[in-house]
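Written below as structure tokens is the structure these notes are about.
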Amino acid sequence: MRRHTLSRRALLGAAAALPLAHAARAAAPMMGPSSATHRRIALGDFEITNLLAGTAPREDPHSIFGLNVDDDTFAEVARDALLPTEVAQFFFTPTLVNTGETLVLFDTGLDPAGLTEALSGAGYSADQVDIVVITHMHGDHIGGLMGADGATFANARYVTGAAEFDHWAAAENDGFEAKMRPLAEQTTMIEPGQDAAPGITAVEAFGHTPGHMAYRIESAGKSLLIGADFANHPVFSLAHPDWEVSFDMDKSAAAATRHALLDMLAAERMPFIGYHMPFPAMGYVKRTEGGYAYLPESYQLRL
Ligand SMILES: [Zn+2]
């Protein structure tokens with residue numbers, strides 16, 4: 001304490017001796033809320049990096065989650081979880097898996113800029129990516145594939161679900177035509193149960209979109225699920241897996257997928273990454289009465 005007092009007094013003395021212009025210090029600027037844009041963990045012999053490619057508020061979350069419950073029920077669930085009812089924050093979280101031999105990116109955010117900025121912040125460049133896996137073809141997952149200058153990932157090939165590709169290829173969808181169709185020749189279509197790369201296996205998760213798939217990552221006896229959009233909110237999706245979600249194209253298939261995957265994650269005590277979960281978007285699932293609870297990863301995956 002004594003040292004502190006002395007040095008503070010010395011500092012004040014130094015300030016007094018400065019010319020007036022320097023002595024009149026400006027107030028520190030207000031910076032706005034901030035967040036880290038990457039988080040890296042080890043999983044067996046693999047490294048897994050979550051990248052925050054973007055985040056945005058969405059008004060009226062009840063118009064997204066819980067379409068089949070009334071306003072009072074929605075408000076009560078939000079209030080019990082200390083969440084506002086008028087707005088929810090969405091996160092966009094591509095994941096990079098380095099197997100030691102192959103650098104595999106899962107999904108690409110809304111546009112190339114958000115993703116490449118997070119990539120370089122995490123120590124990578126876009127041309128290092130060997131494989132880009134597309135979990136499904138909504139705009140917030142394929143948006144970073146192509147920019148004004150063409151393909152974002154100069155050296156990559158692509159992997160996606162056959163059912164997903166076929167659906168959008170027949171749908172006359174602008175996003176697909178701009179971002180995915182030009183890459184069709186470099187794209188491998190796979191089925192649930194097949195590998196995108198050694199240790200990376202597709203898991204059926206249909207419902208959100210017709211060919212939406214999750215991916216099980218396994219290395220040296222450790223497992224993690226890249227869940228993509230099977231559950232998009234830590235409370236509204238996990239505590240209430242039967243709540244209908246506006247973005248789910250087949251609502252009952254999506255609910256069945258939520259039950260199946262949440263059940264597996266809880267039973268296996270396996271961590272998962274949720275693309276729209278609050279960053280860093282990694283957590284565990286615990287069974288509760290009538291549903292599940294999300295337990296954000298704290299230090300388990302650092303050890
Ligand atoms: Zn999404």
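Just a few scattered comments:
- Between helix 2-17 and the chain there is an angle of about 70 degrees, using the helix long axis and the longest principal axis of the Cα atoms.
- Between 0 and 90°, nearest 10: helix 112-121 axis offset from the chain longest Cα axis: 60 degrees
- According to the Cα-based calculation, Rg over Rh for the chain is 1.08, with Rh computed by the Kirkwood formula.
- Considering only beta bridges that DSSP places wholly inside the chain, some 75 percent are antiparallel.
- Using the Karplus relation 6.51 cos²θ - 1.76 cosθ + 1.60 with θ = phi - 60°, the per-residue 3J(HN,Hα) values for the range 293-303 come to 10, 9, 10, x, 4, 10, 10, 4, 8, 8, 6 Hz, with x marking Gly and Pro.
- Positive minus negative residues near Asp45 (Lys, Arg vs Asp, Glu; Cβ under 13 Å): -2
- Relative contact order of the range 179-299, taken over Cα pairs closer than 8 Å and 6 or more residues apart, is 21 percent.
- Over the chain, Cα pairs under 8 Å with separation of 6+ residues give a relative contact order of 16 percent.
- Between 0 and 90°, nearest 10: helix 251-268 axis offset from the chain longest Cα axis: 70 degrees
- Total charge dipole magnitude, the chain, about the Cα centre, Cβ charges on Lys, Arg, Asp, Glu only, Debye to nearest 20: 2240 debye
- Taking other residues whose beta carbon is less than 9 angstrom from the beta carbon of Asn155, and scoring Lys, Arg as +1 and Asp, Glu as -1, yields -1.
- Computed lengthening from His259 to Ala178, 0.36 nm per intervening residue step minus Cα-Cα distance: 25.8 nm
- Whole-angstrom gap from the range 118-172 to the range 190-225, using each part's C-alpha centre: 17 Å
- Ligands, DNA and RNA are left out, and with a 1.4 angstrom probe the accessible area of the range 38-302 is 42 Å² per residue.
- Our coupling estimate for the range 184-196, obtained by passing each phi through the Karplus curve with A = 6.51, B = -1.76, C = 1.60 and θ = phi - 60°, is 4, 5, 9, 9, 9, 9, 10, 10, x, x, 8, 9, 7 Hz, Gly and Pro reported as x.
- Of Ala88, Ser120, Ala24, farthest towards positive along the dipole that unit charges on Lys, Arg, Asp, Glu beta carbons give the range 12-162: Ala24
- Each of Met30, Met213 has its accessible area taken with a 1.4 Å probe; listed largest first, they run Met30, Met213.
- Each Lys or Arg adds one and each Asp or Glu takes one away; over the other residues whose Cβ falls under 14 Å from the Cβ of Ala171, this sums to -3.
The values are calculated or read from the model by the stated rules, or taken from the named source; none is laboratory data. These numbers come from a predicted model, not from an experiment. Heads up, the Cβs are rebuilt from the backbone with ideal geometry, glycines too, and the neighbour counts pull from every protein chain shown. The accessibility values were calculated without ligands, DNA or RNA, using every heavy atom of the protein model including side chains. Shrake-Rupley method; radii C 1.70, N 1.55, O 1.52, S 1.80 Å.
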